[in-house]
1. State all residues of the range 52-85 that are farther than 19 Å from Leu8 by Cα and not polar (S, T, N, Q); if no residue qualifies, say none.
2. Quick check on my filter: what residues within the range 40-60 are under 16 Å from Gly16 (Cβ atoms) and surrounded by fewer than 16 Cβ atoms within 10 Å (Cβ to Cβ)?
3. Considering only the range 144-160, I want to know if a residue exists there that is modelled with pLDDT of 95 or more and either more than 22 Å from Arg28 (Cα to Cα) or in a helix (DSSP H, G or I) (or both).
4. Out of Leu69, Leu39, Leu43, Leu29, I need the residue that is touching a helix residue (DSSP H, G or I) at 6+ places or on another chain (Cβ under 8 Å) and closer than 17 Å to Val133 by Cα. Which one?
5. Only residues in the range 10-21 that are at positive phi and in a loop (DSSP other than H, G, I, E, B) count as the first member; pair them with residues that are aliphatic (A, V, I, L, M) and near the ligand (Cβ under 7 Å from one of its atoms), Cβ under 6 angstrom, at least 6 apart or cross-chain, and list the lot.
6. I need a count of the residues in the range 84-106 that are more than 16 Å from the ligand (Cβ to nearest atom) and within 19 Å of Asn64 (Cα to Cα).
7. Looking only at residues in the range 107-123 that are touching a Ser or Thr at 6+ places or on another chain (Cβ under 6 Å) and part of a strand (DSSP E or B), which one is nearest to the ligand (Cβ to nearest atom)?
8. Only one residue in Leu46, Leu24 is in contact with a Ser or Thr (Cβ under 8 Å, 6 or more places away or on another chain), more than 22 Å from Cys142 (Cβ to Cβ) and of a type outside the set (Phe, Trp, Tyr). Which one?
Amino acid sequence: MTGGVHVLLVTGSTRGASTNTATLRTARLVAPEGVTAVLFDGLADLPAFNPDADEQAPHDAVRNLRRRLAVADAVLFCTPEYAGSLPGSFKNLIDWTIGSGELYRKPVAWINVAAPGRGAGASADLAKVLRYVDAAVIVPACVHLPVPAPRSDRTAPWPTRSSVTGSHRCC
Ligand SMILES: Cc1cc2nc3c(=O)[nH]c(=O)nc-3n(C[C@H](O)[C@H](O)[C@H](O)COP(=O)(O)O)c2cc1C
């Protein structure tokens, strides 16, 4: 890795046309000088968390996740809400870090991309699990980015650069 600040961008969506992944791609484009932002694209490759496998030789996808988190100076999450909470695949990603501790005291933040009045369950539960793993949540960097309600999941709007950089703070 070269100098500067390295931010790992972690999407909670496995969907090809994901609004959350698009938001992180936009964040990557607008990263300030000196910040290298890299998208983690291995969410769908992770096996279901199993404490036995955690103690034995972990799957390549798990080792890749842990290595990418370990070398990052900070992590930016962007996840959809499923059934009032986090998508199972995304919670599974975090579960793989509990024993190995890559998020412990790691500076982290999140962008919540949802239609007005939606997505509060995802951000509340993400805040809860990030507290549990003792991540260093950078509260002023956590933002709600309201987007128009999509006509369908396949037509979710793509965030623009200005909407990401000028998004609403979470608190
Ligand atoms: C299985 C499923 C469950 C969902 N549950 C919720 C929900 O509880 N609350 C909500 O606001 N949106 C819910 N949604 C809508 C998604 O959060 C929304 O479509 C989001 O934009 C998907 O993110 P993505 O575009 O990054 O894949 C759900 C979508 C799916 C597919």
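1. Asp52, Ala53, Asp54, Glu55, Ala57, Pro58, His59, Glu81, Tyr82, Ala83, Gly84
2. Correct list: Asp41, Gly42, Ala44, Asp45.
3. Within the range 144-160 (the criterion being modelled with pLDDT of 95 or more and either more than 22 Å from Arg28 (Cα to Cα) or in a helix (DSSP H, G or I) (or both)), the answer is no, since none of the residues qualifies.
4. Exactly one of Leu69, Leu39, Leu43, Leu29 is touching a helix residue (DSSP H, G or I) at 6+ places or on another chain (Cβ under 8 Å) and closer than 17 Å to Val133 by Cα, namely Leu69.
5. Note: no pairs meet the criteria.
6. Initially, the range 84-106 is screened for residues more than 16 Å from the ligand (Cβ to nearest atom), giving 94-106.
Cutting the leftovers down to within 19 Å of Asn64 (Cα to Cα) gives us 94-104, 106.
Of the residues in that region, 12 qualify.
7. The qualifying residue nearest to the ligand (Cβ to nearest atom) is Val113.
8. None of the others qualify; the one that does is Leu46.
The values are calculated or read from the model by the stated rules, or taken from the named source; none is laboratory data. The shown structure was predicted, so the numbers you read here are calculated from the model rather than taken from an experiment. Cβ atoms come from the backbone with ideal geometry, glycine included; neighbour counts cover every protein chain shown.
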